[in-house]
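Taking it in order: structure first as structure tokens, then the write-up.
Quick note: the coordinates plus some simple rules give every number you see, no bench work behind them. Quantities reported herein were computed from a predicted structural model and do not represent experimental measurements. Cβ sites come from the backbone with ideal geometry, for glycine too, and all protein chains shown count toward neighbours.
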Amino acid sequence: MQARQSAIIFAWLLIAPALLYITAIVAYPLVDTFILSFTDASLRRTTNWVGWTNYEKIFNDTFATVIVRTFIWTFFSVAIKMIIGTFGAAMLNTAVPGRTLFRVLTMPPWIVPMAIGIFMWGWMYNGQFGMISGVLQRTGVVDGPVAFLAYGSTAFWATIITDVWIGVPMVTLYMLAAMQAIPQDLYEAAWTDGAGRFYRFRRITLPLILPAMITMSMISLISTFNSFDIIWILTRGGPSGETTTMIIDTYHTAIGSKKYGEGAARAVLICIFLSIFCVAYFRVTSRLSQEHAR
């Protein structure tokens, strides 16, 4: 009994530094933000307790539109990254024409610092001297300069394309690692039975990399949902708020307008959404683990 108690005490001592770190870096700011969301904290007046007023303001203004826009932006960005990344991983995992080129094209988003890469895309989107507009004019697709970041519809998709460019390398390498973990005996047996390449990919590769795809989708979803740099550098949420997502709106409210209480309420809402995503992820992975155990 004494030995067991000593082992328990020793175990707690080992995890104590991690617990202190999590409490100081994660738990305390989270609790403080939650408390702040029930106040009217700002630089203009003394802080007062306002209850649920900040949350009521969220659903009384345009924030509902921002929520929908954030989900649409996240969905398309993650979906495109997963499709291109999985296809690229399949190319890198098999001897197909263009594999070397795709390997080369995979690296620049990681080699180039993120801010520099985003500024580079901003230059290409420019209507006066941007490369994309110039190519479209020379090929006769458009008659004049196209300022992609000046219009809501094009700016929205421009930010998605930039996010995809930055995120595809991580998805590709992650999915490539999952594909390389598949036993080659399965492919050889299927090839012996006359199965084609597409059939082997659909019946062997996809089912076995499904857990990795779900994990990568969740990681990409969380990072994309909280993406700030891309939109802020390219459009700062414009034009006319057409690229404003929840994280951008929270920044505008808390930092730009100095309404810390309202900004904290928005941050709490973001945390709730991400928590729901995480719970759904753990349930799906748990179900998949049980199915594989059978």
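Here are a few things to note about the model shown:
- Relative contact order of region 118-252, defined on C-alpha pairs under 8 angstrom at six or more residues apart (%): 27 percent
- Per-pair calculated FRET efficiency, R0 = 35 Å: F228 and A190 via Cβ, rounded to 0.05: 0.20
- Other residues whose C-beta falls under 13 angstrom from the C-beta of T33 contribute a net charge of -1, scoring Lys and Arg +1 and Asp and Glu -1.
- Helix-derived mean residue ellipticity, 222 nm - over the chain, DSSP H n ≥ 4, -39500 (n - 2.57), to 500: -23000 deg cm²/dmol
- If you sort the three axes of the alpha carbon gyration tensor as a ≥ b ≥ c, you get a/c of 1.5 or more for region 198-294 and a/b no higher than b/c, which makes it oblate.
- For the chain, with +1 on Lys and Arg beta carbons and -1 on Asp and Glu, the positive-most of V284, I204, T243 along the dipole: I204
- Sites S6 and T62 - FRET efficiency at Förster radius 45 Å, r taken between beta-carbons, to 0.05: 0.15
- On the beta carbon distance between L206 and M120, with R0 = 25 Å, the FRET formula returns roughly 0.15.
- For T39, distant residues with modelled amide H under 5 Å away: V50
- For region 47-58, Karplus couplings with θ = phi - 60° (6.51, -1.76, 1.60), whole Hz, Gly/Pro x: 7, 10, 7, 10, x, 8, 4, 5, 6, 5, 5, 4
- Charge dipole (region 1-109, unit charges on Cβ, about Cα centre) - positive-most of V26, A89, A41: A89
- Under 17 Å from K57, Cα to Cα: aspartates and glutamates that are on another chain or at least 8 residues apart: D40, D249, E262
- Gain on full stretching of the segment that runs from Q128 to T100 - 0.36 nm per residue minus C-alpha separation: 6.6 nm
- Karplus-derived 3J(HN,Hα) values for region 129-141, using 6.51 cos²θ - 1.76 cosθ + 1.60 with θ = phi - 60°, are 10, x, 5, 5, 4, x, 5, 5, 6, 5, 8, x, 5 Hz; glycine and proline are entered as x.
- In a simple Cβ point-charge model (Lys, Arg +1; Asp, Glu -1; nothing else charged), the chain has a dipole of about 280 debye relative to its Cα centre.
- Considering only T154, Y187, F63, and ranking their Cα positions along the charge dipole of the chain that arises from unit charges at the beta-carbon of Lys, Arg, Asp and Glu, the one farthest toward the positive end is Y187.
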